[in-house]
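Before any comments, here is the structure.
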Amino acid sequence: MMKIPAINPDHEHRSVLLQPVGCVGRLEDVANWIAKRQGKLLPDNLKPAIVIFAADHGVAAALAHPEIGPTTVERLQHAVSKQSVIRKLAEEAGASLTIVDMGVKGELSGVERDVVRESGSADIRVESAMSEAQYWEAVGIGEELAARAISEGANLLTASSLVSGDRIAVATLICELAGVAPEEALEASSHETYAEELMAVEMALDRAQGTSSHDILREVGGIELAAMAGFYRAAARKGVPVLLDGKASAAAALAAAAWDVRIAGWMLASFVSEDQAHHLALEELGLEPLMHLQRPLIGGKGAALLMPLLQSSLALHRGFATVEEL
């Protein structure tokens, strides 16, 4: 079993100036949550790092009716532009931003390349998403990027994905790891692809039946999801908290927790959308989201949006402590 630092329950500051205790709600709770994981009574300022992984999905490419919307390569080209939303949010949060190509079809510039498989994951309806070697390579890349961010001073990590066509893999993972029915795991869509996507989830589940939870990510996930799970595992091993992003982030977190449930103790959930499966995945992880949004956000935007508020909660926490010392 890998070594994961214990979380010290004694590191907690509750302001005597605030009556009743907890009158600032979740902000005080989160500040104490972070302090405990830093091993300090009063937590340091956050130095966030955001890493976005991308890879195409063979199952989406094989559908008779392709998913509507920008392709993965188009999403990435926008994300790396100076005017992209995620770049602006990362700057506002004081977070470093790294975007990684794990297996995206098409030409890319301005993106770090760690390609595991040129065409992304395989069609999970009929075969494993990745070979054993590809799986552990993807996990290792995620671990390496988390370790790199921590060595550069990051003390809050976010891994997210920016992918077109991951709906089936994400839903299938949540089905397997949170005990959710396919109809609950796959967000309903009025588009003609929905029935075909639902059938694809059911086929992937049937094919992978009997696979252990430790290995289900290799069977029905995606290359970028494996990298995200590795990223979370390395963060927990090094004792650095992670801030989850959207539904795909939660699915990868479930896979990481399937390796070792203690990894979930290092996770915060930034938000939950109205997608029922997102709720159920976070519930399985034992996490309460800090924001409730009507529409889902992808590509690290939900986590980045919350980072300044977390920073403020720590400043508020330290400020009350300073006043009490006067």
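The values are calculated or read from the model by the stated rules, or taken from the named source; none is laboratory data. No experiment lies behind these values; they were computed from the predicted model shown. Ideal geometry is used to build each Cβ from the backbone, glycine not excepted, and the neighbour counts take in all protein chains shown. The area values use the complete protein model at the heavy-atom level, side chains included, leaving out ligands, DNA and RNA. Shrake-Rupley method; radii C 1.70, N 1.55, O 1.52, S 1.80 Å.
Of note:
- Within the range 253-284, being part of a helix (DSSP H, G or I), surrounded by fewer than 22 Cβ atoms within 10 Å (Cβ to Cβ) and not β-branched (Val, Ile, Thr) holds for ALA258, TRP259, ARG262, ALA264, GLY265, GLN276, HIS279, LEU280, GLU283, GLU284.
- Those residues of the range 63-85 which are assigned to a helix (DSSP H, G or I) and open to solvent by less than 50 Å² (accessible area, probe 1.4 Å), in sequence order: THR72, VAL73, LEU76, ALA79
- Verdict on ALA264 being without any contact (Cβ under 8 Å) to a residue 60 or more places away in the chain, within 27 Å of ALA133 (Cα to Cα) and small (Gly, Ala, Ser): yes
- Of all residues in the range 126-133, none satisfies being at pLDDT below 95 and either under 19 Å from the mean Cα position of the chain (by Cα) or surrounded by 15 or more Cβ atoms within 10 Å (Cβ to Cβ) (or both).
- Residues of the range 288-315 satisfying the condition of being touching a Phe, Trp or Tyr at 6+ places or on another chain (Cβ under 9 Å), touching a residue at least 24 places away in the same chain (Cβ under 8 Å) and outside any loop (DSSP other than H, G, I, E, B): GLY302, ALA303, LEU305, LEU306
- Hey, SER273 touching a helix residue (DSSP H, G or I) at 6+ places or on another chain (Cβ under 8 Å), among the hydroxyl-bearing types (Ser, Thr, Tyr) and at pLDDT 95 or above or not: no
- Any hit, the range 132-151, residues being assigned to a loop (DSSP other than H, G, I, E, B), in contact (Cβ under 8 Å) with a residue 40 or more places away in the chain and at negative phi: no
- Among the conditions (1) crowded, with 20+ Cβ neighbours inside 10 Å; (2) over 19 Å from the mean Cα position of the chain (by Cα); (3) under 30 Å from GLY239 (Cα atoms), the only one that LYS88 does not satisfy is (1).
- For the range 160-201, filtered to residues that are part of a helix (DSSP H, G or I) and charged (D, E, K, R), the residue that is least open to solvent (accessible area, probe 1.4 Å) is GLU197.
- Residue list for the range 109-130, filter: in contact (Cβ under 8 Å) with a residue 60 or more places away in the chain, assigned to a loop (DSSP other than H, G, I, E, B) and among the hydroxyl-bearing types (Ser, Thr, Tyr): SER119, SER128
- Residues that are modelled with pLDDT of 80 or more and within 30 Å of TRP259 (Cβ to Cβ) within the range 8-36 comprise ASP29, VAL30, ALA31, ASN32, TRP33, ILE34, ALA35, LYS36, listed in sequence order.
- Residues that are within 18 Å of ALA281 (Cβ to Cβ), charged (D, E, K, R) and open to solvent by 10 Å² or more (accessible area, probe 1.4 Å) within the range 220-252 comprise ARG233, LYS247, listed in sequence order.
- Residue among GLY106, GLY94, GLY110 that is more than 22 Å from GLY230 (Cβ to Cβ), among the small types (Gly, Ala, Ser), open to solvent by 60 Å² or more (accessible area, probe 1.4 Å) and over 17 Å from the mean Cα position of the chain (by Cα): GLY110
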